[in-house]
């Protein structure tokens, strides 16, 4: 096993008292691969501002300002995250969802050419549709 030593020892991060983290399963279970760049940015933002239950009341205007995106990009990002089961949204409330059940749900295939499927996703969908 490789021993890891911090590059900047005086700035080693700690989980803050106000509670915020990103579940490693987002990458390990490949959920992130189903997200556009804007959706990943929105997810990061919602994880950061959400409370311990993943709830946040940030409105569109604030999110658009913080993430430097327009209304259309926000709507697309939100729809992407909802489609793949990472968030729930019922205006004005967002909820970042547990990844526990997200891995069991099959996201709908993406058809938007701005967010093409990886070859692995295409093969996975093909295998699932034949089983």
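Every number in this text was worked out from the coordinates using simple rules, so none of it is lab data. Since the model is a prediction, treat every value here as computed from it, not as a measurement. FYI the Cβ positions are ideal-geometry reconstructions off the backbone, even for glycines, and counts take in every protein chain you see.
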Report the calculated FRET efficiency for residue 27 and residue 123 (r = Cβ-Cβ distance, R0 = 25 Å), to the nearest 0.05. 0.80
Two pseudo-spin positions, 7 Å from Cα along C-beta at residue 60 and at residue 8, lie apart in nanometres by 3.7 nm
Along each principal axis, Cα extent of region 49-99, largest first, Å: 27, 21, 16
Could you give the nm distance between label points at residue 75 and residue 90, where each point is 7 Å from its Cα heading toward the beta carbon? 2.2 nm
